[in-house]
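The values are calculated or read from the model by the stated rules, or taken from the named source; none is laboratory data. The model shown is predicted, which means the values in this text are computed figures rather than measured ones. Positions of Cβ are generated from backbone atoms using ideal geometry, with glycine treated the same way; all protein chains shown enter the neighbour counts. SASA here: full protein model, heavy atoms, side chains in, ligands and nucleic acids out. Shrake-Rupley method; radii C 1.70, N 1.55, O 1.52, S 1.80 Å.
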Amino acid sequence: MTLFILRRLLQGAQLMIVMSIIVFIGVYLIGNPVDILIHPAATQQQKAEIIARLGLDRPLWEQYGQFVMGALRGDLGTSYVYRVPAFGLILKALPATMELALSAMVIAIVVGIPLGLWAGYRPHSIPAQAITAFSILGFSLPTFWVGLMLIVLFSVDLGLAPSGGRGATVEVFGIPLSILTLDGLRHLMLPAISLALFKIGLVIRLTRASMQETLRQDFVRFARAKGVPEHRVVVSHVFRNILLPIVTVVGMEFGSLIAFAVVTETVFSWPGMGKLIIDSISVLDRPVIVAYLMFTAFLFVLINLLVDVAYSVLDPRVRLAGR
Amino acid sequence: MSDVALAIRDLTVEAGPKGRSVTLVDGVSLSVPSGKILALVGESGSGKSMTALAAMGLLEPPVRIASGGASLAGKAVDPTDRRQMRGIRGRDMAMIFQDPMMTLNPVMRVDEQVCEAVTVHDPSVSKAEALRRAREALVTVGIPAPEERLNAYPHQLSGGMRQRIVIAIALINRPAVVLAAEPTTALDVTTQGQILHEVKRLCRDTGTAMVWITHDLAVVASLADTIAVMYAGRIVEQGPADDILARPLHPYTRGLLDSVPMIDTRSERLRSIPGMPPVAGSITAGCRFAPRCERAVEACRTAEPALAPAGNGARLVRCIRPLDDGGAA
């Protein structure tokens with residue numbers, strides 16, 4: 001197990017190196033930040049000074065070398081706009097995004113799994129077909145449009161929830177959280193639902209398909225032949241088997257949830273990483289963009305590793321290589 | 001020990017929407033006394049497994065029981081009554097399936113799966129007591145080091161070991177009857193032989209009756225007391241095992257026996273029955289086997305014969321031209 005984790009971490013490190021090269025070249029290609037950062041009235045000499053100070057006069061490989069040297073010391077660069085370390089900016093925005101992503105994930109699981117189980121157990125019943133239709137909607141409606149419609153309905157027409165911002169927060173271990181205040185909860189509600197909708201659809205479809213497939217297995221029939229009551233067949237025999245694909249997919253999807261949050265955070269002006277990255281892209285604040293992309297890649301590596309470990313705990317047949 | 005453990009009367013199973021339904025099992029009656037083994041023989045699709053699943057109340061839509069009833073140790077049971085069957089299954093009537101690799105839940109430990117069979121029928125049994133019975137059940141079916149097996153997951157055990165565990169689970173509540181759907185087909189011949197031997201001994205010792213569903217006549221010969229041969233949803237021949245194996249009356253039974261390789265007779269080529277069994281729903285008038293039967297005459301194609309007594313009266317056959325000479329065709 002330890003060896004497996006070490007090997008995966010090594011693979012993760014390789015991935016991060018490749019990622020950093022792609023990101024660096026990509027960001028370089030987007031455009032020259034100097035044109036946006038420097039006041040149009042600045043003299044040619046002032047311009048040259050700033051370019052030199054930011055190191056933008058050096059060739060790309062040298063800039064990259066400097067970035068790598070800095071990154072190894074834990075310094076991902078300084079924001080051109082805010083003049084503070086880029087990684088610090090991201091860490092500051094992280095709790096808001098995490099709170100949003102986790103809330104959406106919980107909603108997706110709590111709503112999606114029971115509905116999926118129901119739809120899979122009696123696939124031909126009317127409620128099951130309604131659930132399936134709903135899941136297709138959740139799957140196909142674009143997130144930004146759903147967000148806007150939620151705002152129109154609940155904020156503008158009904159006035160039940162605010163349309164943006166985080167509301168009041170409470171600090172828990174130095175991390176500001178909205179979910180613990182009533183005002184914060186009202187602010188969190190709409191973006192969380194909007195972000196969750198796609199995942200609810202996904203979880204329903206996955207659970208439904210796994211349920212139908214598992215119900216056909218011989219061991220389910222044998223459990224019934226033993227006289228196991230139907231609710232127990234579903235809960236302890238079927239569900240434990242379904243849990244494996246659900247954990248895998250939901251775990252993997254958590255990474256994409258953080259990435260998808262970009263759109264939702266923008267629509268609801270939620271002050272998280274997504275909003276930070278969109279703002280940074282619009283002013284070509286290169287260090288923040290690079291730091292965000294590197295951090296997201298790191299989160300993906302970490303989440304995938306955790307999913308693999310969780311999988312081996314849940315499924316006795318999986319023994320991680322090199323145990 | 002001659003009291004009837006399980007009797008099935010006029011069981012008809014059909015599938016599909018009402019009015020356009022297809023009959024899969026057609027008026028099957030069977031009975032098996034305590035401690036005896038009945039072999040239900042037939043090709044794939046003959047309805048033998050459907051018969052067992054129907055008796056257990058385990059048919060899944062769109063397949064359903066159209067008519068018929070059953071009695072268990074003298075008491076009438078209704079296989080369509082879900083509540084009643086839930087209590088009976090696993091306690092008075094158990095079932096074993098074909099593939100031991102698929103019958104145990106892969107993510108549950110063996111102990112939980114064995115103990116569950118006890119506790120779902122009697123919640124008052126303590127965990128320790130259930131475990132004790134589980135250990136005992138495993139010993140009964142010839143599993144060495146039961147403690148170790150109980151703590152294992154199914155994938156850590158061999159196919160033969162898993163099937164023994166499945167049999168142990170089926171027998172743990174001392175049911176009146178066990179329905180076994182080809183439980184040794186997926187095992188190698190040595191393991192198969194051992195398990196058949198154990199099963200026969202257990203039935204005799206505990207008085208449990210068994211319905212052994214198979215297409216393997218070699219298994220039948222070493223195991224069964226009585227045989228019922230099924231073809232296209234119908235029983236075509238029924239009687240004591242020795243009689244039927246030595247002197248089949250129905251041409252279909254003869255055909256089945258001829259397609260078994262014999263080590264002591266030198267035949268150049270193994271005989272097979274020409275043609276295919278009819279697909280459910282496409283059954284025409286007359287004897288269902290007639291299109292494949294080399295003894296068929298015109299009368300065979302017009303009316304289906306009834307299952308009538310034959311020989312010394314202990315046998316039943318559904319044929320107007322039975323092989324009364326022992327079938328040396």
| Which residue out of A:Arg221, A:Arg216 is open to solvent by 60 Å² or more (accessible area, probe 1.4 Å), within 14 Å of another protein chain (Cβ to nearest Cβ) and out of contact with any helix residue (DSSP H, G or I) (no Cβ under 9 Å at 6 or more places or on another chain)? | A:Arg216
| message | Looking at segment A:84-113 only, could you name the residues that are at pLDDT 90 or above, open to solvent by 10 Å² or more (accessible area, probe 1.4 Å) and under 18 Å from the mean Cα position of the chain (by Cα)? | response | A:Leu102, A:Ser103, A:Met105, A:Val106, A:Ile107, A:Ile109, A:Val110
| Whichever residue in segment B:71-95 is more than 13 Å from chain A (Cβ to nearest Cβ) and without any contact (Cβ under 8 Å) to a residue 24 or more places away in the chain and, among such residues, is most open to solvent (accessible area, probe 1.4 Å) | B:Lys75
| query | For segment B:72-105, what are the residues that are hydroxyl-bearing (Ser, Thr, Tyr) and either assigned to a loop (DSSP other than H, G, I, E, B) or within 16 Å of the chain's Cα centre (by Cα) (or both)? | reply | B:Thr80
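For every residue, the table says whether it meets (1) in contact with an Asp or Glu (Cβ under 6 Å, 6 or more places away or on another chain); (2) at pLDDT 80 or above; (3) under 21 Å from B:Val28 (Cβ atoms).
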position	(1), (2), (3)
B:Phe289	no, yes, yes
B:Arg292	no, yes, yes
B:Arg295	no, yes, no
B:Ala299	no, yes, no
B:Pro305	no, yes, yes
B:Ala308	no, yes, yes
B:Arg318	no, yes, yes
B:Asp324	no, no, no
B:Ala328	no, no, no
| field | Verdict on A:Trp145 being at pLDDT 85 or above, of a type in the set (Phe, Trp, Tyr) and within 30 Å of A:Leu243 (Cα to Cα) | value | no
| task | Inspect all residues belonging to segment A:121-133 and state whether any of them is buried (at least 21 other Cβ atoms within 10 Å of the Cβ), assigned to a helix (DSSP H, G or I) and modelled with pLDDT of 90 or more. | result | yes
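For every residue, the table says whether it meets (1) of a type outside the set (S, T, N, Q); (2) farther than 30 Å from A:Gly147 by Cβ.
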{"site": "A:Gln44", "(1), (2)": "no, yes"}
{"site": "A:Glu49", "(1), (2)": "yes, yes"}
{"site": "A:Glu99", "(1), (2)": "yes, no"}
{"site": "A:Val110", "(1), (2)": "yes, no"}
| message | I'm trying to understand the selection: among the residues of segment A:23-49, which are surrounded by 12 or more Cβ atoms within 10 Å (Cβ to Cβ), among the β-branched types (Val, Ile, Thr) and free of Cβ contacts under 8 Å to residues at least 60 places away in the same chain? | response | A:Val34, A:Ile38
| query | Is at least one residue of segment B:226-243 among the hydrophobic types (A, V, I, L, M, F, W, C) and without any contact (Cβ under 8 Å) to a residue 60 or more places away in the chain? | reply | no
